[in-house]
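Student: My questions will all concern the structure given below.
Nothing in this text is a laboratory measurement; each read-out follows from the coordinates by a stated rule. Here the structure is a predicted model, which is why all the values come from computation and not from measurement. Reconstructed Cβ throughout: ideal geometry from the backbone, glycine too, with neighbour counts over all protein chains shown.
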Amino acid sequence: MIDRRNALKLALGSAAILAAPGVRAQDAKPRTRVVFLGTKGGPRVGIGASNPANLVVVGDTPFVIDCGMGVSRQLVRAGVPIPSVKYIFISHHHSDHNLEYGNLFYNAWAAGLKTPIHSFGPKGIEAMTKAYWELNKFDVETRIEDEGRPDPRPLLVAKDITDDGVVLKTSDVTVTAFRTPHPPIVDNFAYKFETPDGVIVFSSDTAYNPKLAEFAKGADVLVHECLYVPAVDRLVATTKNGATLKKHLLDSHTSTEDVGRIAAAAGVKMLVMSHFVPGDDPSVTDDDWTRDVKKNFSGKIVVAKDLMELRLPV
């Protein structure tokens, strides 16, 4: 298993590990933390980084953001019991963000879930949830009868997001959605988490969007997707539909240089780069990802790795 604490120390230095005065870092229990479950953009599954998924934990409440393939296993690897998940947020309906949505809930149910999970996403998540139960009707009803399990269907409460604004407010956390372009997808939302220890913004997949900087203004942490143009050129050179793929990637994602522009305009304390496009080119280094970012942003920069943990405040 990856040592998340050591990975984070390498990226940020020991000051990033939350510890009260006189308490060893490894003994301190953070109130708010972010775990980068899957950092590779795109639907391809490989032996390296996992597909897109993030986790915010506030107190003992886990919030999952996006459900790329592998999210259930990554939660287990991160030491988070799947039945403890309370909320799921889907940013948009590309498969690398929603393919394991239903199965994440199913895996929670199989592991003993007895309490509801509330899910939020662009228009279509309610219909997707209904279709999932139709697809798995035989298995679910067989296990209810044969194994004495509770009916899972009432426990997954889905809600379509149709516009910008607050989508969830608990005693500790406020989650706000913000529409951002990801051509050709229009219903695509960034999310802002306001927690007792700071503000975290997830960009979602997005084309360069200066308005996103306004949404993330003053955030403690901005988790932003990124595209490295030289690696895209190498990728499309070996792809049959290379020209079409390149146009899509350049039109719908944010180059590393533009990521720096967004972070600078937003004045965030820390920029975390994730959802790497492409995310499986072993020749791309951390310096490659950050070089052009630094042309515009002089703050803290983290290149996320799978299972890396960030504790707030930063």
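Student: Looking at segment 181-253, send over the antiparallel percent of its DSSP beta bridges, to the nearest 5.
Tutor: 65
Student: Would you mind calculating the relative contact order of segment 184-234 from Cα pairs under 8 angstrom and at least 6 residues apart, reporting the percent as a whole number?
Tutor: Value for segment 184-234: 32 percent.
Student: Let me ask something else. Give the peptides 108-115, 301-308 in descending order of average Cβ contacts within 10 Å, highest first.
Tutor: Put in order of decreasing packing, that is 301-308, 108-115.
Student: Of (i) 71, 43, 35; (ii) 68, 43, 31; (iii) 60, 58, 37, which one was derived for Cα extents along the principal axes in Å from the structure shown?
Tutor: After the calculation, the listed value that fits is (iii).
Student: What percent antiparallel are the DSSP beta bridges of the chain, to the nearest 5?
Tutor: Among the beta bridges of the chain, antiparallel pairing accounts for roughly 55 percent.
Student: Among rounded, prolate and oblate, which fits segment 145-261 when a ≥ b ≥ c are the square roots of the eigenvalues of its C-alpha gyration tensor, a/c under 1.5 means rounded, and a/b larger than b/c means prolate?
Tutor: oblate
Student: For the chain, what is the calculated [θ] at 222 nm in deg cm²/dmol (nearest 500), taking -39500 (n - 2.57) for each run of four or more DSSP H residues and dividing by its residue count?
Tutor: -8500 deg cm²/dmol
Student: Here is a further query. Going by the alpha-carbon gyration tensor, a ≥ b ≥ c the square roots of its eigenvalues, is segment 43-197 rounded (a/c under 1.5) or, if a/c is not under 1.5, prolate (a/b greater than b/c) versus oblate?
Tutor: rounded
Student: Using amide H atoms built 1.01 Å from N in the peptide plane, name the residues 5+ places from N188, or on other chains, whose amide H lies under 5 Å from its own.
Tutor: Close amide H contacts, sequence-distant or interchain: T180.
Student: Separate question: Among T285, T32, which comes first, then next, by fewest other beta-carbon atoms within 10 Å?
Tutor: By the 10 Å Cβ count, ascending: T285, T32.
Student: With contacts defined as alpha carbon pairs under 8 Å and 6 or more residues apart, what's the relative contact order of the chain in percent?
Tutor: 20
Student: Shifting gears a bit: Have a look at the DSSP beta bridges in segment 148-291 and tell me what percent are antiparallel, nearest 5.
Tutor: Of the beta bridges lying entirely in segment 148-291, close to 60 percent run antiparallel.
Student: Which far-off residues, 5 or more places away or on another chain, put their amide H under 5 Å from the one on L37, with H placed in the peptide plane?
Tutor: It is A53, N54, L55, L307, by chain and number.
Student: Hey, another quick one. Provide the packing ranking of 148-160, 79-91, 269-281, i.e. peptides ordered by the mean count of other C-beta atoms within 10 Å per residue, highest first.
Tutor: 269-281, 79-91, 148-160
Student: Moving on to the next point. Give me the extension gain from D164 to K114: residue separation times 0.36 nm, minus the current Cα-Cα distance, reported in nm with one decimal.
Tutor: Fully extending the segment from D164 to K114 adds 14.9 nm.
Student: Okay, moving on. In straight Cα distance, which lysines are under 28 Å from K159, not counting same-chain residues fewer than 8 positions off?
Tutor: In chain and number order, the partners are K40, K86, K114, K123, K130, K137, K169, K192, K211, K217.
Student: Another question, then. How far apart, in nm, are the 7 Å Cα→Cβ label points at E145 and S84?
Tutor: Taking the two extended label points, one gets 3.6 nm.
Student: Next question, about the same structure. Give me S298, S203 ranked fewest to most by other Cβ atoms within 10 Å of their Cβ, as a rough exposure proxy.
Tutor: The order, fewest Cβ neighbours first, is S298, S203.
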